[in-house]
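Trainee: What follows is a structure written as C-alpha coordinates; I'll ask about it next.
The values are calculated or read from the model by the stated rules, or taken from the named source; none is laboratory data. What you see is a predicted model; the values in this text were computed from it and never measured. FYI the Cβ positions are ideal-geometry reconstructions off the backbone, even for glycines, and counts take in every protein chain you see. For accessibility, only protein heavy atoms count, side chains too; no ligands or nucleic acids. Shrake-Rupley method; radii C 1.70, N 1.55, O 1.52, S 1.80 Å.
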Amino acid sequence: DESLVVRSPEHAAVEAARDDVRLFAIFLDDYHVDKSPHITLPLRKALQHLVEQFGPNDLIAVMDPLTPLSHLEFTRSRSDLLRRMVTFEGRHRELFPVRSVLEEAQHAQRNIWEIRSGVTLSALGSLVTHLGGLREGRKSVLFVSQGPPLGRIGGPNYDRLRDVLQAANRGNVTVHVLDPRPLGKSPLGGVDSLFRLHRETGGRAIINTNDHGGMVGGIISDASAYYL
(Lines give C-alpha, C1' and ligand atoms only; values in the text may rest on other atoms or scores of the structure.)
Protein backbone atom coordinates (compact mmCIF):
# COMPACT_ATOMS: atom_id res chain seq x y z
CA ASP A 1 0.00 0.00 0.00
CA GLU A 2 1.64 3.21 -1.26
CA SER A 3 -0.11 5.33 1.38
CA LEU A 4 1.84 3.50 4.11
CA VAL A 5 5.26 4.26 2.63
CA VAL A 6 7.17 6.81 4.72
CA ARG A 7 8.16 9.51 2.25
CA SER A 8 10.16 11.93 4.43
CA PRO A 9 11.08 12.76 8.05
CA GLU A 10 8.15 15.20 8.09
CA HIS A 11 5.74 12.50 6.93
CA ALA A 12 7.17 10.13 9.58
CA ALA A 13 6.49 12.74 12.28
CA VAL A 14 2.88 13.14 11.14
CA GLU A 15 2.38 9.35 11.09
CA ALA A 16 4.06 8.96 14.49
CA ALA A 17 1.56 11.35 16.05
CA ARG A 18 -1.40 9.20 15.00
CA ASP A 19 -3.14 7.24 17.75
CA ASP A 20 -3.53 4.11 15.64
CA VAL A 21 0.19 3.82 14.80
CA ARG A 22 2.47 1.77 17.05
CA LEU A 23 5.98 3.16 17.46
CA PHE A 24 8.97 0.86 17.93
CA ALA A 25 12.72 1.36 17.98
CA ILE A 26 15.32 -1.40 17.86
CA PHE A 27 18.63 -0.39 19.48
CA LEU A 28 21.41 -2.72 18.28
CA ASP A 29 24.16 -2.20 20.87
CA ASP A 30 26.99 -3.72 18.85
CA TYR A 31 29.50 -2.40 21.42
CA HIS A 32 28.13 -4.89 23.95
CA VAL A 33 27.23 -7.95 21.85
CA ASP A 34 29.77 -10.72 21.21
CA LYS A 35 30.65 -11.45 17.60
CA SER A 36 30.82 -15.27 17.94
CA PRO A 37 28.55 -17.29 15.60
CA HIS A 38 26.74 -19.06 18.48
CA ILE A 39 25.43 -15.62 19.50
CA THR A 40 25.16 -13.90 16.11
CA LEU A 41 23.19 -16.54 14.20
CA PRO A 42 20.36 -17.18 16.74
CA LEU A 43 20.14 -13.43 17.40
CA ARG A 44 19.68 -12.62 13.71
CA LYS A 45 16.96 -15.26 13.56
CA ALA A 46 15.17 -13.79 16.60
CA LEU A 47 15.34 -10.25 15.18
CA GLN A 48 14.04 -11.51 11.84
CA HIS A 49 11.15 -13.15 13.69
CA LEU A 50 10.39 -9.83 15.42
CA VAL A 51 10.34 -7.86 12.15
CA GLU A 52 8.00 -10.41 10.56
CA GLN A 53 5.45 -9.74 13.31
CA PHE A 54 5.19 -5.98 12.80
CA GLY A 55 1.90 -4.77 11.36
CA PRO A 56 1.54 -2.66 8.18
CA ASN A 57 0.81 0.49 10.20
CA ASP A 58 3.73 0.13 12.64
CA LEU A 59 6.59 2.62 12.42
CA ILE A 60 10.03 1.25 13.26
CA ALA A 61 13.43 2.92 13.67
CA VAL A 62 16.79 1.15 14.04
CA MET A 63 19.69 2.69 15.93
CA ASP A 64 23.16 1.75 17.15
CA PRO A 65 25.55 3.57 19.53
CA LEU A 66 27.02 5.70 16.72
CA THR A 67 23.74 6.70 15.02
CA PRO A 68 23.18 10.46 15.42
CA LEU A 69 19.54 11.46 15.96
CA SER A 70 19.72 13.45 12.72
CA HIS A 71 20.11 10.09 10.90
CA LEU A 72 17.33 8.26 12.73
CA GLU A 73 14.71 7.15 10.21
CA PHE A 74 11.32 5.55 10.77
CA THR A 75 10.26 3.02 8.20
CA ARG A 76 7.55 0.52 7.36
CA SER A 77 9.74 -1.31 4.87
CA ARG A 78 10.02 -4.88 6.09
CA SER A 79 12.71 -5.66 3.50
CA ASP A 80 14.91 -2.77 4.73
CA LEU A 81 14.45 -3.86 8.34
CA LEU A 82 15.19 -7.52 7.56
CA ARG A 83 18.37 -6.50 5.76
CA ARG A 84 19.55 -4.67 8.89
CA MET A 85 18.69 -7.60 11.15
CA VAL A 86 20.30 -10.39 9.10
CA THR A 87 23.57 -8.46 8.71
CA PHE A 88 23.88 -7.37 12.35
CA GLU A 89 27.10 -8.38 14.07
CA GLY A 90 28.40 -7.48 17.52
CA ARG A 91 31.73 -5.76 18.16
CA HIS A 92 32.14 -6.40 21.88
CA ARG A 93 35.78 -5.79 22.89
CA GLU A 94 36.76 -5.27 19.24
CA LEU A 95 38.64 -2.09 18.37
CA PHE A 96 39.07 -2.53 14.61
CA PRO A 97 37.92 -1.64 12.05
CA VAL A 98 37.37 1.91 13.27
CA ARG A 99 33.93 3.12 12.22
CA SER A 100 34.19 6.88 12.66
CA VAL A 101 36.29 9.84 13.76
CA LEU A 102 34.56 9.53 17.14
CA GLU A 103 35.92 6.00 17.51
CA GLU A 104 39.42 7.13 16.60
CA ALA A 105 39.24 9.57 19.50
CA GLN A 106 38.21 6.73 21.85
CA HIS A 107 41.51 4.95 21.16
CA ALA A 108 43.46 7.71 22.85
CA GLN A 109 41.65 7.09 26.15
CA ARG A 110 42.83 4.66 28.82
CA ASN A 111 39.27 3.75 29.89
CA ILE A 112 37.96 2.94 26.40
CA TRP A 113 35.44 0.31 27.62
CA GLU A 114 33.94 2.74 30.13
CA ILE A 115 33.72 5.32 27.35
CA ARG A 116 31.93 2.87 25.06
CA SER A 117 29.38 2.13 27.80
CA GLY A 118 28.85 5.87 28.06
CA VAL A 119 28.40 6.20 24.29
CA THR A 120 25.74 3.46 24.33
CA LEU A 121 23.85 4.92 27.29
CA SER A 122 24.00 8.47 25.91
CA ALA A 123 22.67 7.29 22.53
CA LEU A 124 19.89 5.31 24.24
CA GLY A 125 19.05 8.42 26.29
CA SER A 126 18.81 10.52 23.11
CA LEU A 127 16.56 7.91 21.52
CA VAL A 128 14.06 7.67 24.40
CA THR A 129 13.99 11.47 24.75
CA HIS A 130 13.25 11.79 21.03
CA LEU A 131 10.53 9.12 21.14
CA GLY A 132 8.99 10.78 24.19
CA GLY A 133 8.61 14.01 22.23
CA LEU A 134 6.82 12.44 19.25
CA ARG A 135 3.50 11.93 21.04
CA GLU A 136 2.01 11.09 24.44
CA GLY A 137 1.02 7.46 23.79
CA ARG A 138 3.16 4.42 24.45
CA LYS A 139 6.44 3.92 22.59
CA SER A 140 8.53 0.71 22.74
CA VAL A 141 12.28 0.18 22.50
CA LEU A 142 13.99 -3.19 22.15
CA PHE A 143 17.51 -2.81 23.55
CA VAL A 144 19.67 -5.64 22.16
CA SER A 145 22.72 -5.87 24.40
CA GLN A 146 24.66 -7.99 26.85
CA GLY A 147 24.53 -4.88 29.01
CA PRO A 148 26.83 -1.86 29.09
CA PRO A 149 28.83 -2.17 32.35
CA LEU A 150 28.22 0.76 34.67
CA GLY A 151 31.74 0.80 36.14
CA ARG A 152 32.46 2.16 39.58
CA ILE A 153 29.47 3.00 41.79
CA GLY A 154 28.66 6.67 41.51
CA GLY A 155 30.66 6.94 38.25
CA PRO A 156 29.39 8.84 35.18
CA ASN A 157 27.62 5.83 33.66
CA TYR A 158 25.34 5.53 36.70
CA ASP A 159 24.23 9.11 35.99
CA ARG A 160 23.73 8.33 32.31
CA LEU A 161 21.58 5.31 33.13
CA ARG A 162 19.52 7.39 35.55
CA ASP A 163 19.00 10.00 32.79
CA VAL A 164 17.79 7.26 30.40
CA LEU A 165 15.31 5.94 32.97
CA GLN A 166 13.98 9.40 33.80
CA ALA A 167 13.55 10.29 30.11
CA ALA A 168 11.81 6.96 29.42
CA ASN A 169 9.36 7.35 32.29
CA ARG A 170 8.69 11.00 31.48
CA GLY A 171 8.08 10.16 27.80
CA ASN A 172 6.00 6.97 28.25
CA VAL A 173 8.71 4.79 26.65
CA THR A 174 8.93 1.11 27.59
CA VAL A 175 12.38 -0.45 27.26
CA HIS A 176 12.49 -4.21 26.62
CA VAL A 177 15.91 -5.87 26.84
CA LEU A 178 17.28 -8.81 24.86
CA ASP A 179 20.57 -10.34 26.01
CA PRO A 180 21.53 -12.69 23.13
CA ARG A 181 23.71 -15.01 25.20
CA PRO A 182 22.36 -18.57 25.48
CA LEU A 183 20.91 -20.17 28.60
CA GLY A 184 23.43 -20.33 31.43
CA LYS A 185 25.82 -17.80 29.87
CA SER A 186 24.33 -14.59 31.33
CA PRO A 187 25.17 -13.64 34.94
CA LEU A 188 22.51 -15.17 37.18
CA GLY A 189 21.01 -11.88 38.34
CA GLY A 190 21.38 -10.35 34.89
CA VAL A 191 23.56 -7.33 34.16
CA ASP A 192 22.62 -4.41 36.38
CA SER A 193 22.04 -1.98 33.49
CA LEU A 194 19.72 -4.43 31.68
CA PHE A 195 17.87 -5.30 34.86
CA ARG A 196 17.17 -1.68 35.70
CA LEU A 197 16.20 -0.72 32.14
CA HIS A 198 13.39 -3.24 31.85
CA ARG A 199 12.29 -3.25 35.49
CA GLU A 200 12.06 0.54 35.87
CA THR A 201 10.25 1.16 32.56
CA GLY A 202 7.84 -1.81 32.66
CA GLY A 203 9.52 -3.71 29.83
CA ARG A 204 10.17 -7.40 29.23
CA ALA A 205 13.49 -9.15 29.88
CA ILE A 206 14.57 -11.72 27.31
CA ILE A 207 17.58 -12.95 29.27
CA ASN A 208 19.14 -16.33 30.05
CA THR A 209 17.14 -18.27 27.46
CA ASN A 210 17.65 -20.28 24.27
CA ASP A 211 14.27 -19.13 22.95
CA HIS A 212 14.92 -15.49 22.04
CA GLY A 213 12.83 -15.84 18.87
CA GLY A 214 9.85 -17.28 20.74
CA MET A 215 9.94 -14.51 23.33
CA VAL A 216 10.19 -11.43 21.10
CA GLY A 217 6.52 -11.80 20.16
CA GLY A 218 5.62 -10.68 23.69
CA ILE A 219 6.92 -7.20 22.87
CA ILE A 220 4.38 -6.91 20.04
CA SER A 221 1.59 -8.34 22.23
CA ASP A 222 2.35 -5.82 25.00
CA ALA A 223 2.12 -2.94 22.54
CA SER A 224 -1.12 -4.35 21.08
CA ALA A 225 -2.67 -4.74 24.55
CA TYR A 226 -1.87 -1.11 25.29
CA TYR A 227 -3.52 0.12 22.08
CA LEU A 228 -6.61 -2.02 22.64
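Trainee: How many of the residues in the stretch 68-80 are under 22 Å from G118 (Cβ atoms) and assigned to a helix (DSSP H, G or I)?
Mentor: Residues that pass the stated criteria total 3.
Trainee: Looking at R83, R7, which is the one that is assigned to a loop (DSSP other than H, G, I, E, B) and surrounded by fewer than 20 Cβ atoms within 10 Å (Cβ to Cβ)?
Mentor: None of the other options fit; the residue is R7.
Trainee: State all residues of the stretch 14-45 that are more than 14 Å from the chain's Cα centre (by Cα) and among the small types (G, A, S); if no residue qualifies, say none.
Mentor: A16, A17, S36
Trainee: At positive phi and buried (at least 16 other Cβ atoms within 10 Å of the Cβ): is that true of G184 in this structure?
Mentor: no
Trainee: I'm trying to understand the selection: among the residues of the stretch 38-67, which are polar (S, T, N, Q) and either part of a loop (DSSP other than H, G, I, E, B) or open to solvent by less than 30 Å² (accessible area, probe 1.4 Å) (or both)?
Mentor: Hits for the stretch 38-67 are T40, Q53, N57, T67.
Trainee: Separate question: Can you tell me which of (1) over 15 Å from the mean Cα position of the chain (by Cα); (2) within 20 Å of L131 (Cα to Cα) is the one I219 doesn't meet?
Mentor: Against the list (1) over 15 Å from the mean Cα position of the chain (by Cα); (2) within 20 Å of L131 (Cα to Cα), I219 comes up short only on (1).
Trainee: Identify, from the list G213, G154, the residue that is loosely packed, with under 15 Cβ neighbours inside 10 Å and more than 13 Å from the chain's Cα centre (by Cα).
Mentor: Every option except G154 fails the conditions.
Trainee: Can you name the number of the only condition in (1) touching a residue at least 60 places away in the same chain (Cβ under 8 Å); (2) touching an Asp or Glu at 6+ places or on another chain (Cβ under 8 Å) that I219 fails?
Mentor: In the conditions (1) touching a residue at least 60 places away in the same chain (Cβ under 8 Å); (2) touching an Asp or Glu at 6+ places or on another chain (Cβ under 8 Å), I219 misses (2) alone.
Trainee: Okay, moving on. As an exercise: evaluate S145 against (1) of a type in the set (G, A, S); (2) under 15 Å from the mean Cα position of the chain (by Cα); (3) open to solvent by 10 Å² or more (accessible area, probe 1.4 Å) and give the number of the one condition it does not meet.
Mentor: Tallying (1) of a type in the set (G, A, S); (2) under 15 Å from the mean Cα position of the chain (by Cα); (3) open to solvent by 10 Å² or more (accessible area, probe 1.4 Å), S145 fails exactly one: (3).
Trainee: Scan the stretch 128-181 residue by residue and report those that are modelled with pLDDT under 95 and among the acidic types (D, E).
Mentor: Listed by number, the list holds a single entry, E136.
Trainee: Looking for something under 26 Å from G218 (Cα atoms), among the acidic types (D, E), open to solvent by less than 70 Å² (accessible area, probe 1.4 Å) and assigned to a helix (DSSP H, G or I) - is there at least one such residue anywhere in the stretch 14-37?
Mentor: yes
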